[in-house]
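Below is one structure, written out as structure tokens; the observations come after it.
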Amino acid sequence: MLHPHPPTRFAPAADQARALKEALQANGVMPEGYVEQWEDTFDHWVPENGARIVARAWNDPAYRALLLRDGTEACRELGYGGPEGGFIVALENTPVLQNVIVCTLCSCTAWPVLGLPPDWYKSFEYRSRVVREARQVLRELGLALPDSVKIQVWDTTAETRYMVLPMRPAGTEGWSEEKLASIVTKDCLIGVALPDLASARA
Ligand SMILES: [Co+2]
């Protein structure tokens, strides 16, 4: 039996967090400003970072080559890395290949460039189903791919974090990197959506 004593009631999360923080501080094991420092880090973990990387790769063949050869270094070049992003691998979509990311164990993604994972990404349903019936799961998430496109699912680990490099859509010739980045969403970076020209800004 995995859970012989199923918990039925918890205090609200904020109360739990406060109690934990107070206990850690009272025992002198949490440095001053520790929580605030992580809050600041979380604020900088946004999918706009990954979008910027994709846009640069679309516009700069040398950067694209670096991204596919050494994702970690390419991300670092634009200022992204560190915790939860110590080893980043970029996965290149092609006309016949769609890459999709999952963490079957929990919720790992390349946080510094994708941001925190969406709730559905952490759900048991997504984690268990996408590896068995990726095409159907993608369809349910709004991405219906033709049978000519193979779907490759990548299981994240604590060490290796992936980001999907989508194909540059036709009709974006001459766009600035800023405008290109505006069509790359977190879902695109996970691989469950494609860049949508209609969402372009700037
Ligand atoms: Co995980």
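The values are calculated or read from the model by the stated rules, or taken from the named source; none is laboratory data. In this text, all values refer to a predicted model and were calculated from it rather than measured experimentally. Cβ coordinates were reconstructed from backbone atoms using ideal geometry, including for glycine residues, and neighbour counts include every protein chain displayed. Side chains are part of the model used for accessible areas, which takes the heavy atoms of the whole protein and leaves out ligands, DNA and RNA. Shrake-Rupley method; radii C 1.70, N 1.55, O 1.52, S 1.80 Å.
Residues checked against (1) open to solvent by 20 Å² or more (accessible area, probe 1.4 Å); (2) closer than 22 Å to GLY191 by Cβ; (3) at pLDDT 95 or above; (4) in contact with a helix residue (DSSP H, G or I) (Cβ under 7 Å, 6 or more places away or on another chain):
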{"position": "ASP43", "(1), (2), (3), (4)": "yes, no, no, no"}
{"position": "GLY50", "(1), (2), (3), (4)": "no, yes, yes, yes"}
{"position": "TRP58", "(1), (2), (3), (4)": "yes, yes, yes, yes"}
{"position": "TYR63", "(1), (2), (3), (4)": "no, yes, yes, yes"}
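All conditions but one from (1) surrounded by fewer than 21 Cβ atoms within 10 Å (Cβ to Cβ); (2) on the phi > 0 side of the Ramachandran plot; (3) under 12 Å from the mean Cα position of the chain (by Cα) apply to ALA202; the one that does not is (3).
Restricted to the stretch 144-159, and to residues that are touching a strand residue (DSSP E or B) at 6+ places or on another chain (Cβ under 7 Å) and at pLDDT 95 or above, which residue is nearest to the ligand (Cβ to nearest atom)?
Here is the first cut: in the stretch 144-159, the ones touching a strand residue (DSSP E or B) at 6+ places or on another chain (Cβ under 7 Å) are 145, 149-156.
Those left that are additionally at pLDDT 95 or above: 145, 149-155.
Details: LEU145: 25, VAL149: 26, LYS150: 25, ILE151: 20, GLN152: 19, VAL153: 14, TRP154: 12, ASP155: 9 Å.
Checking each candidate, the answer is ASP155.
TRP38 falls short on exactly one of the conditions (1) among the aromatic types (Phe, Trp, Tyr); (2) modelled with pLDDT under 95; (3) under 23 Å from GLY191 (Cα atoms), and that condition is (3). Taking the condition under 13 Å from the mean Cα position of the chain (by Cα) and not polar (S, T, N, Q), does ASP155 pass? Spelling it out, ASP155 is indeed under 13 Å from the mean Cα position of the chain (by Cα) and not polar (S, T, N, Q).
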